[in-house]
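The numbers here are math on the coordinates, done by the rules we state, and not lab data. It should be emphasised that the depicted structure is a prediction, and the values quoted were computed from it without experimental measurement. Note: ideal-geometry Cβ built from the backbone for every residue, glycine included; neighbour counts use all protein chains shown.
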Amino acid sequence: MALQRTKALPLAHLRSAGGGICCMRRWAHRTHLAGWLLALAAGACRSSADRRSTPDGSGALSVVDDAGRAVVLAAPARRIVSLAPSITELLFAIGAGDRVVGRTTWCKYPPAATAVPSVGDGLDPNVEAIAAQRPDLVVLYRSALTESATGRLAALGIPTLVLRHDRLLDVGRTARLLGRLTGQSSAGDSLARLIDSTLAVPPPATIPRPRLAFVVWDNPPMTIGGGSFLDELVGLAGGENVFHDIRSASATVSLETIAVRDPDWILILTDSAPGPPAWSTRAEWRVVRAARARHFLYLPAELFGQPSPRTPEAVATLRRLLEAAR
Amino acid sequence: MDGVLILDVTDVTFRYPKASRDALRGVSCAVRSGELVAVLGPNGSGKTTLVRVALGASPPHAGTARILGRPAHTWSRRELARVVGVVTQHEDNLFPQRVRETVLLGRYARLSSWGAERVEDHAAVTRALERCDVDALADRWLWTLSGGEYQRVRIARALAQEPRLLVLDEPTASLDVRHEMELFELVRALVEREGLAAVVVTHDVNLAARFADRIVLLSDGVVAAAGSPEEVLRHDVAASVFDWPLAVSSFDGRPQITPLRRPS
Amino acid sequence: MKWLALVGGLVAVLLAAVVLGPAAVPLRELTHSPIVWQLRVPRALLGLLVGGSLGVAGASLQSLVRNPLADPFLLGLSGGAGLGAVTAIALHLPGSWALPLAAFVGALGALGLVFRLGLVGGAELDPRILLLGGVAVGAFCAAVTTAIVSLAEASELRNAFLWLWGGLSGASWDTVRVLLVYLPLPLLVLFGAARPLDLLVLGEEQARHLGADVAVVKRRVYLAASFLTAAAVATAGVVGFVGLIVPHLARSLWGGRHRSLLPASFLAGGALLVAADTLARVAVAPRELPVGVVTALVGVPLFVLLLRRWTAY
């Protein structure tokens, strides 16, 4: 889920000398959610497919994945290749980490995962490298590129599971699903219960709720909308995303819109040491009160990048930051 | 009575860079006001090269090329455009233009970068249009003109420069009989009535013979013959230069060449 | 009179850009609102300057390379700018002006390369070499940029492409001031080359015979147009179609004489970009469209209308 290669905006100005540049695909690092908006795929799809797993008498496991496909395994998966960091994390969290034989270069958590061989960046799956690990299950994040990969893997006789988790609710569901397929049902279920219960805790009722806005990029200004799990996190932490009304996961907005909606705090996802971003000193940003007053909250990108088993920790962190900010 | 010496090419030798042979060797040519000089010769004989060297576009390796007494290559482009009007072989108008506009471009050398066109510029344009008999076409788009009309417009543009010398490079190459004759009559009239000097590079030997005062016949970079049409277009010289059996006859007091057919 | 209509249209468009926007600013608060004065007015002015520069550069280049399809971004500049921007991010250059400056330097680098190519073998800026060289250099820069982006880890690198599409979001009075100092010289050089450009349209040889110092003019026009484009890309990213279409629009109304064509292209280009930007800000509020999308959506139908006029002759 975390990595997502997205298509260039419709105006591929193919004639411009850069030629290639404008046709480049946008990359969204898992810590950088900007790509989500650009996705023609992001946000909108929410699969309501019924995911049941029915162990039948022969011990075979059959589930329906997020692409609506039926996935049948004769026995719990023993050699799994995971093509998304959040999935790797989940597998380790439910105790199936020893069965992970392939990961992407982005899968760095937990630290034990880095010992697993990498099969590439996972955005455009390298089928050869994956097949070289002789997996009996490949788990992919659902996107246009991975669709072709599932076909090619199927041609090689390798079962694939396509998942999509963009929302907090998905974490528990995915944990249960992976638990069943790896024979770690109880671990999967209890992790799911833990996450769901944490998410069910009502947010602190501070009146008024702090108004927040994410600024993922400055030129053009990009923010996170109501369609994303970050928005959910903000809600759980007791804050209010001023761009909650925007349906997609991320969106470009005018600077003046940010100024007029006047968030109290600006949330920045960062990989490195916290500090005011370079653009905050630019003259045009001074119209935004929070930028002028240097009201920035820094969220570790690694923790906040996508829904994961550590999401409860993320919620707690955000609650703490908001408390301290008052 | 001799006119003013405008173009004076003396004994020039010129070779293009990386070429194995000289393009011109010991070529001389003089053009005075009030005379029409035709430059003839087979393809590759050096006609266009002679014009380039004479106008200072390529300095000769030996010999001199002078315009109005000064070495040709010392003239700046702008100064030269006030004295010599050139109509090249090819012109490629990229965007649609009207006749009057294109003739006005001839005034460039007499205008400053920033100043607007003055009354005298528009007057010169009108005069040039009249002399070339294209004033009725002044507001037409160029692309609606016939080949002959278009060439006359280009000559009008050259005249708008108020030059003392006109240089025409193959002006009748794609024109029909009527337009060919009209064009040569026009140039002849300008030379006789206004005392302009004219150099016409052409493939049409017979027209040159009828209209030119003098002919320079080039062959392989050297002057095979120069002088009046009668002196130049003699059977032995012409047949050897053009490398084809010819018959020379006379029309209207001027020699005319008729190429013979090969016996089958 | 055409000029009156053009200037009037420009003023109307500028006013609309200041009055309209996703943030509702009541009319009576217009003169006090920081949103208007710190954001909308500089943004409208930036649109005017960038759009105008692209219009003039496009008109000059079309005449210089004798190709009605020429566009300022065919010279490889946008590729160089992208490479500069990505390098600035990869090296973590400090300062809020690092990106635009690096993009500018990158654009100039690409310019130098193409210019040098154009002079190879005494070619003296042959238009075909300029065009082909521009495409080649642009593609090369784009390839290097992609390589850097795909191999490096920094998440911000992916968004360098977003910046290249940035549009006018980075507008402030500082940006406008910088451009007001920088733009007059290349603009003056181009306006001063109006007459020689008229001649150049006839072909280089004929232009020379009519008195133009062709080599000097070509160099000046190429460099001035490139400097204008480099500044446009550095401040507003790649905004397509303005440099291509505006000259044709202007030509259809003002004819080919550069003395009127160039100023008309400036005003029309500015008006087009400001109008497109206003539409981009307002059409899907609170979200914003990239301005390049709007210029294409608006520009292409206009262009098709023009083509029909041509074929109707």
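When 1/r is averaged over all different Cα pairs and the result inverted, which Kirkwood radius in Å belongs to region C:181-313? Don't skip to the end; give the middle numbers.
Working: mean 1/r = 0.0611 Å⁻¹.
Every distinct Cα pair counted, the radius reaches 16.4 Å.
Could you tell me the calculated FRET efficiency between residue B:235 and residue B:173, based on Cβ-Cβ distance and R0 = 35 angstrom, to the nearest 0.05?
On the way: r = 26 Å, r/R0 = 0.75.
Once the sixth-power term is evaluated, E becomes 0.85.
Using the Kirkwood radius over Cα pairs, work out the Stokes-Einstein diffusion coefficient for region A:211-325 at 37 °C and 0.692 mPa s, in µm²/s as a whole number. Don't skip to the answer; put the middle values down first.
Details: Rh = 14.1 Å.
Translational D for this selection: 234 µm²/s.
What nm value, rounded to one decimal, do you get for the distance between residue C:132 and residue C:219 when each label is placed 7 Å out toward the C-beta?
2.4
Fewest first, what order do A:245, C:213 take by the number of other Cβ atoms within 10 Å? Don't jump to the answer; show the numbers that get you there.
Numbers: A:245 10, C:213 15.
With the fewest neighbours first, A:245, C:213 line up as A:245, C:213.
Using the Kyte-Doolittle scale, which helices in chain B average at least -0.5 and also have C-alpha atoms spread 15 Å or more along the helix axis, with helices defined as whole DSSP H runs?
Details: long enough: B:119-131 (18 Å, -0.45); B:147-160 (20 Å, -0.34); B:177-194 (25 Å, -0.21).
Counting only whole DSSP H runs, the qualifying helices are B:119-131, B:147-160, B:177-194.
On a straight-distance basis, which aspartates and glutamates could pair with residue B:18 in a cross-link, Cα separation under 19 angstrom, same-chain partners fewer than 8 positions away excluded?
Cross-link targets: B:220, C:124.
What value in Å³ per residue do you get for the convex hull of the alpha-carbon atoms in chain B? All intermediate terms of the calculation are to be shown ahead of the outcome.
Numbers: hull volume 42.8 nm³, N = 264.
Each residue corresponds to 162 Å³ of Cα convex hull volume.
Measuring from a point 7 Å past the Cα of residue A:75 along Cα-to-C-beta, which residues in region A:149-171 have an amide N at less than 17 Å?
Residues A:159 fall inside that zone.
At a 10 Å Cβ-Cβ cut-off, how would you order A:189, B:22, B:236, fewest neighbours first? If you can, show how the numbers build up before the last one.
Details: A:189 16, B:22 20, B:236 9.
In order of increasing Cβ crowding within 10 Å: B:236, A:189, B:22.
Shielding by partners for C:284-295, please: the mean number of other protein chain Cβ atoms within 10 Å of each residue's Cβ. Mind showing how you got there, number by number?
Numbers: counts 3, 4, 15, 12, 10, 4, 5, 2, 6, 4, 1, 2.
That average works out to 6.
State whether chain C is rounded, prolate or oblate according to the following rule on the C-alpha gyration tensor (a ≥ b ≥ c being the square roots of its eigenvalues): a/c under 1.5 gives rounded; otherwise a/b larger than b/c gives prolate, and the remaining case gives oblate.
Numbers: a/c = 1.88, a/b = 1.15, b/c = 1.63.
Taking the square roots of the gyration eigenvalues as a ≥ b ≥ c, chain C is oblate.
Let's test the formula: R0 of 22 Å, r as the Cβ-Cβ distance of residue C:174 and residue A:294. What FRET efficiency results, to the nearest 0.05? Let's see the in-between values first.
Working: r = 19 Å, r/R0 = 0.88.
The value I calculate is 0.70.
Assuming 1.567 mPa s and 4 °C, estimate D for region B:20-136 with Stokes-Einstein, Rh taken as the Kirkwood radius over Cα pairs, in µm²/s. Display every interim value, and only then the final one.
Values: Rh = 17.0 Å.
Result for D is 76 µm²/s.
On full extension of the chain, what length is gained from residue B:90 through residue B:123, given 0.36 nm per residue of separation minus the C-alpha to C-alpha distance? Don't skip to the answer; put the middle values down first.
On the way: separation 33, 0.36 × 33 = 11.88 nm, distance 2.73 nm.
Additional length available on full extension: 9.1 nm.
Show me C:264-273, A:163-172 ranked by packing, highest mean number of other Cβ atoms within 10 Å first. It would help to have the intermediate numbers written out before the result.
Working: C:264-273: 27.7, A:163-172: 22.2.
For the peptides C:264-273, A:163-172, the packing ranking is C:264-273, A:163-172.
Grab the beta carbon distance between residue A:169 and residue A:121, set R0 = 30 Å, and tell me the FRET efficiency rounded to 0.05. Display every interim value, and only then the final one.
Details: r = 27 Å, r/R0 = 0.91.
Taking R0 as 30 Å, the efficiency between residue A:169 and residue A:121 is 0.65.
Quick one: which residues, 5 or more positions from residue B:246 or on another chain, have an amide H under 5 Å from its amide H? H modelled 1.01 Å from N in the peptide plane, none for Pro or chain starts.
It is B:260, by chain and number.
Mind checking region B:1-37 for trypsin sites (Lys or Arg not before Pro) that DSSP puts in a loop (not H, G, I, E or B) and that have at most 12 other Cβ atoms within 10 Å? Display every interim value, and only then the final one.
On the way: sites: B:15, B:18, B:21, B:25, B:32; in loops: B:15, B:18, B:21.
Answer in residue order: B:18, B:21.
What's log10 of I(q)/I(0) for region C:269-313 at q = 0.32 Å⁻¹, Debye sum over Cα points only, no solvent?
Calculated log10 I(q)/I(0) at the listed q: -1.05.
Averaged over every viewing direction, what's the projected area of the C-alpha convex hull for region B:96-162? Give it in nm², one decimal, please.
One quarter of the hull surface, i.e. the mean projection, equals 4.2 nm².
Nearest 500 deg cm²/dmol is fine: what mean residue ellipticity at 222 nm does the protein assembly as shown get from its DSSP H runs of n ≥ 4 alone, each adding -39,500 (n - 2.57), divided by its residue count? List each step's numbers first, then the result.
Details: 35 runs with 409 residues, N = 903.
When only DSSP H runs of four or more count, the value is -14000 deg cm²/dmol.
Over 54 Å, how big is the tail of the calculated P(r) for the protein assembly as shown, in percent of all Cα pairs? Can you show the working numbers first?
Values: 143270 of 407253 pairs.
Everything past 54 Å amounts to 35 percent.
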